[in-house]
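**Student:** Sharing a structure, written as structure tokens. Questions coming.
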Amino acid sequence: MEEQLFIKFEKLRSATLKFTRSIETEATPIWLAGWHSEHSNSLESLLMDVWYHEDQDGRETRIYPGLVGLSRAQVTYANEINLLKDEFRDLIQKIKTDQNAEWREIQGRLAKRYRFVNEALSREGLNRLHLKQVFRHIPLLLKRPAKVGFSWYTSGRSIKKISKKEALDLLHKLNMESAHIKIQLQRLASIQNSEPLARVQKQAPVLRANAVFADNKRRSLNVSLPLMFPNEGKQTLPEFNVPPTLPPNERQRLVRNDIKIEDEPFLPSIRVHQYRGVKKNSFY
């Protein structure tokens, strides 16, 4: 299975090189934001930025805004690369299920095999794949947009409905002797067993591209890599804005008035909130 991993990675790498070099030789309309100086002028190097940097936080992914107009053949290449990424992801998931104890060593052997790639890109300290950066798709539109607006989305949350018992199990995993945990256990004991609760996780800021088409239809999608689209014979890019390199510190969007979850956490240690409109008992 390890050899299959090497074969699939080489297939993905080769397809990416073929794709990016076709763009370079065909004078494709392209704009890449210079957020990372080592990649500012090379689509190839940013699409192949799939290794951890020595000082990189494991939760961090490097974002590369851009716009690339494609020929019909290049659109096919981009789709094929995304399919290869899915196949590679599926194989890694199988390896991690069947050989989880050896996974780090397998990553190290893969990095050693591709050390020449790392050296060619003037990198140091790269010893394992950054899986999120490998798996992420090339963002691809099937029609040329008339305009693209880049903006940071900082209000994302994942919300999971949980039961009182599930919340109790989560609290029991914490230090039961702590005063603040005891207070939260009292709060939880005060509500009805049937009351639904919401576990909320704030998501990291994401860069979004808001595409407007000639027929005034719109589409929004997250873009950690350059947004690509058919150039439809044109040699210019759509109208676009250059986004700031960092997300805003404060929430930019208006707070919706139909939010069904209380602002203040009911059980802060496990990020659990109550739903609005549910009859609540006092714990005092």
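**Student:** What are the residues in segment 232-269 that are open to solvent by less than 80 Å² (accessible area, probe 1.4 Å), among the aliphatic types (A, V, I, L, M) and modelled with pLDDT of 90 or more, if any?
**Tutor:** Selection gives Leu237, Leu267.
**Student:** Okay, next question. Inspect all residues belonging to segment 85-93 and state whether any of them is surrounded by 14 or more Cβ atoms within 10 Å (Cβ to Cβ), among the β-branched types (Val, Ile, Thr), over 30 Å from Leu246 (Cα atoms) and at pLDDT 85 or above.
**Tutor:** yes
**Student:** Looking at segment 1-30, which of its residues are within 24 Å of Asn100 (Cβ to Cβ), surrounded by 13 or more Cβ atoms within 10 Å (Cβ to Cβ), hydrophobic (A, V, I, L, M, F, W, C) and in contact with an Asp or Glu (Cβ under 9 Å, 6 or more places away or on another chain)?
**Tutor:** If the condition is that a residue be within 24 Å of Asn100 (Cβ to Cβ), surrounded by 13 or more Cβ atoms within 10 Å (Cβ to Cβ), hydrophobic (A, V, I, L, M, F, W, C) and in contact with an Asp or Glu (Cβ under 9 Å, 6 or more places away or on another chain), then Leu12 is the only one that fits.
**Student:** A further question on this structure: Out of (1) modelled with pLDDT under 90; (2) surrounded by 11 or more Cβ atoms within 10 Å (Cβ to Cβ), the odd one out for Arg218 is which?
**Tutor:** (1)
**Student:** Please work out which residue is farthest from the chain's Cα centre (by Cα), limiting yourself to segment 202-216 and to residues that are among the aliphatic types (A, V, I, L, M) and assigned to a strand (DSSP E or B).
**Tutor:** Among residues in segment 202-216 that are among the aliphatic types (A, V, I, L, M) and assigned to a strand (DSSP E or B), the one farthest from the chain's Cα centre (by Cα) is Val212.
So that you can scan it fast, the table gives a plain yes or no per residue for (1) modelled with pLDDT under 90; (2) open to solvent by less than 80 Å² (accessible area, probe 1.4 Å); (3) in a loop (DSSP other than H, G, I, E, B); (4) out of contact with any Pro (no Cβ under 9 Å at 6 or more places or on another chain):
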{"site": "Glu124", "(1), (2), (3), (4)": "yes, no, yes, yes"}
{"site": "Val134", "(1), (2), (3), (4)": "no, yes, no, yes"}
{"site": "Lys165", "(1), (2), (3), (4)": "no, no, no, yes"}
{"site": "Asp169", "(1), (2), (3), (4)": "no, yes, no, yes"}
{"site": "Arg187", "(1), (2), (3), (4)": "no, yes, no, yes"}
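**Student:** Right, something else. Out of the residues in segment 189-215 meeting the condition of being modelled with pLDDT of 90 or more, within 22 Å of Ile162 (Cα to Cα) and aliphatic (A, V, I, L, M), tell me which one is most open to solvent (accessible area, probe 1.4 Å).
**Tutor:** Selected residue: Ala189.
**Student:** Could you grab me the full set of residues in segment 31-48 that are crowded, with 18+ Cβ neighbours inside 10 Å and at pLDDT 80 or above?
**Tutor:** If the condition is that a residue be crowded, with 18+ Cβ neighbours inside 10 Å and at pLDDT 80 or above, then Leu32, Ala33, Leu43, Ser45, Leu46, Leu47, Met48 are the ones that fit.
**Student:** As an exercise: evaluate Arg104 against (1) surrounded by fewer than 12 Cβ atoms within 10 Å (Cβ to Cβ); (2) at pLDDT 80 or above and give the number of the one condition it does not meet.
**Tutor:** (2)
The values are calculated or read from the model by the stated rules, or taken from the named source; none is laboratory data. The structure presented is a predicted model; accordingly, all values stated were derived computationally and were not measured. No Cβ is skipped: glycine too gets one built from the backbone with ideal geometry, and neighbour counts run over all protein chains shown. The protein model used for the area step is the full one, side chains on, heavy atoms only, and it has no ligands, DNA or RNA in it. Shrake-Rupley method; radii C 1.70, N 1.55, O 1.52, S 1.80 Å.
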